[in-house]
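Accompanying notes for the structure given below.
Just so it is clear, none of the values below were taken in a lab; they were calculated from the coordinates. It should be emphasised that the depicted structure is a prediction, and the values quoted were computed from it without experimental measurement. Methodologically, a virtual Cβ is constructed for each residue, glycine included, from the backbone with ideal geometry; neighbour enumeration extends over all protein chains shown.
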Amino acid sequence: MALNQKKYRPTWDDYFMALAKIVATRSTCDRLHAGAVLVKDKRIIATGYNGSPKGLKHCDDVGHLLEDGHCVRTIHAEHNVLLQAAIQGSTSTAGSTLYSLYNPCIHCAKYVVACGIRRAVIGKIYRNDKSVDYLREAGIEVVIYEENPIWSHEIQNLFAKDIQEKVNEGKIKMTGKV
């Protein structure tokens, strides 16, 4: 990067949606790799991805458990993020923002409403938008995220290069052994 070239600083929505994409890489159901991040006051309070409950077999290992065309072996990312927040118990979900790669199913939408989430940022409509209407009817602000091409380019570059060592320009005095 040239000395006078300013680095792009992502918006909060760009930042948390990028993290939701990273969280989705932990998914254990190849039908859909979904990720969610729950944020309050611009701080992450929980993350979730679609996967089997702790201690149970994953779709990736033993196949799908289908019911009416849906895999029920896993817990959805939106449900998992709320469960993680409950288990940690350190912060209320009331007034928080949910970042999710896909719109929640109607069941997860009910949990989102019940947990007092005030805003949902969704990357893409999956299957149908009835749950989006449901969230809006409950008074939740729903934003369909529009990916920023500048940020997308920055993310690609970020993961394409090694971690760079920062050169100490004599501004920080190093003492002792590290």
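Would you calculate a helix-derived [θ] at 222 nm for the chain, using -39,500 (n - 2.57) for each DSSP H run of n ≥ 4 and dividing by the full residue count, to the nearest 500? Before the final figure, lay out each step's value.
On the way: 6 runs with 58 residues, N = 178.
When only DSSP H runs of four or more count, the value is -9500 deg cm²/dmol.
Which one, L65, L32, L101, has the greatest fluctuation when you compute a Gaussian network model over the chain with C-alpha springs under 10 angstrom?
Fluctuation is largest for L65.
Net charge around V142, counting only other residues with Cβ within less than 14 Å of its Cβ (Lys, Arg = +1; Asp, Glu = -1)? Write down the numbers at each step before the final one.
Numbers: positive: R118, R119, K124, K130, R136; negative: D13, E78, D129, D133, E137, E141, E146.
Neighbour charge sum, excluding V142 itself: -2.
Taking the Cα atoms only, what angle lies between the long axis of helix 77-88 and the longest principal axis of the chain, rounded to 10 degrees?
Tilt of helix 77-88: around 70 degrees.
Consider all pairwise Cα distances in the range 1-136 and report the whole-number % of them above 25 Å. Working shown, then result.
Working: 2489 of 9180 pairs.
Above the 25 Å cut-off, the range 1-136 has 27 percent of its Cα pairs.
Please determine, in degrees from 0 to 90 and to the nearest 10, the orientation of helix 149-160 with respect to the longest principal axis defined by the Cα atoms of the chain, where the helix direction is its Cα long axis.
Relative to the chain, helix 149-160 is tipped by roughly 70 degrees.
Can you compute the FRET efficiency between T91 and D68 using 1/(1 + (r/R0)^6), with r the Cβ-Cβ distance and R0 = 25 Å? Round to the nearest 0.05.
Values: r = 35 Å, r/R0 = 1.42.
E between T91 and D68, to the nearest 0.05, is 0.10.
Give the peptides 149-160, 111-122 in descending order of average Cβ contacts within 10 Å, highest first.
Values: 149-160: 11.8, 111-122: 19.2.
Highest mean packing first, the order is 111-122, 149-160.
Between helix 12-24 and the chain, what is the angle of the helix's C-alpha long axis to the longest principal axis, kept within 0 to 90° and rounded to the nearest 10?
Roughly 70 degrees, rounded to the nearest 10.
Residues of the range 134-165 with the amide nitrogen closer than 11 Å to a label point 7 Å from the Cα of Y8, along Cα-to-Cβ, please.
Only 147-158 pass the distance filter.
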